[in-house]
Amino acid sequence: MHYYQFNIGDYQSHTSHLSEMEDLVYRRLLDWYYLHETPIPLEEAEVSRQIRMRSHTESIAIVLQEYFERTDDGWIHHRANKEIAKAGDKSEKASASAKARWSKKDANALPTQSDSNATHNTLHTTQDTEHKTQKKTLGKRLASDFSFPIEWAEFCQQARPELHPTKVFDQFKDYWIAQSGQKGVKLDWFATWRNWVRNTNAPKVNPADNIRLTVPPSNEPNHVLLKIEADRKKAVPPSLETLARMAELRRKA
């Protein structure tokens, strides 16, 4: 296909969490998929070469895991397959109409270029539809009783030490369990988690927290009072002789 409709609102609602590089990768993968109407190659090096992003294999892997399905023949995209199938239906109708016209014409007449294209597109789309029917979904949904894996927590602590792993996981789990349909099905949930952690905003700092950290709690001794008490214990009272001399000096004055 050299043309496909692009729904801006639908795209943004499903990709708002992507980084700038991941967003660019996704757009190029979609363009390649619609243009060739074939699964994306399984080899990362070949994929990065095809979309001209050789130094961004990590972003490519993240996007493929989240939006595409891995099959024996390559990565497929269900939404794109539906759009390609729709285009094929239109092409098939055009081909049928062309055949009906030519059946009424002289057998020696040659078909037009548009009729030939319609027949070719119909065959191509039919093969793609049959391929899609033979494949089944390999991904799965996130279970409601899914517990927080240790390796997930370790990744969060290493990649984003300013985040609270448990709180981030609770948000992650609630979000994906609530997703319905194909959007909530993922092939690699650990890859989805890594992407979520990378794009989570850092928690805001409350100025009151700084004050609480600098003022000692009321149940702890004040270091100033401790210093005064220590000096008082070190002080030595004057002797009787010293007191007598001080009294004598006061009388003479």
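Every number here is computed from the coordinates shown, using simple stated rules; none is lab data. Computed from a predicted model, the values in this text were never measured in an experiment. Backbone-built Cβ (ideal geometry, glycine too); neighbour counts: all protein chains shown.
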Filtered GluC sites (Glu not before Pro), region 31-74: DSSP coil and at most 16 other beta carbons within 10 Å: GLU43
ALA202-THR71 FRET efficiency (beta carbon distance; Förster radius 22 Å; 0.05 resolution): 0.05
Prolate/oblate/rounded call for region 1-64, Cα gyration tensor, a/c under 1.5 rounded: oblate
Summed side-chain charge close to GLN158 - residues other than GLN158 whose Cβ falls under 14 Å, Lys, Arg +1, Asp, Glu -1: 0
Per-peptide average of other Cβ atoms within 10 Å, ordering 140-146, 16-22, 195-201 highest first: 195-201, 16-22, 140-146
Cα-centred dipole magnitude for region 11-91, charges only on beta-carbon of K, R (+1) and D, E (-1), debye, nearest 20: 300 debye
Members of LYS86/LYS173; LYS86/LYS186; LYS82/LYS140; LYS183/LYS204; LYS86/LYS183 lying beyond 28 Å, as alpha-carbon distances in this model show: LYS86/LYS173; LYS183/LYS204
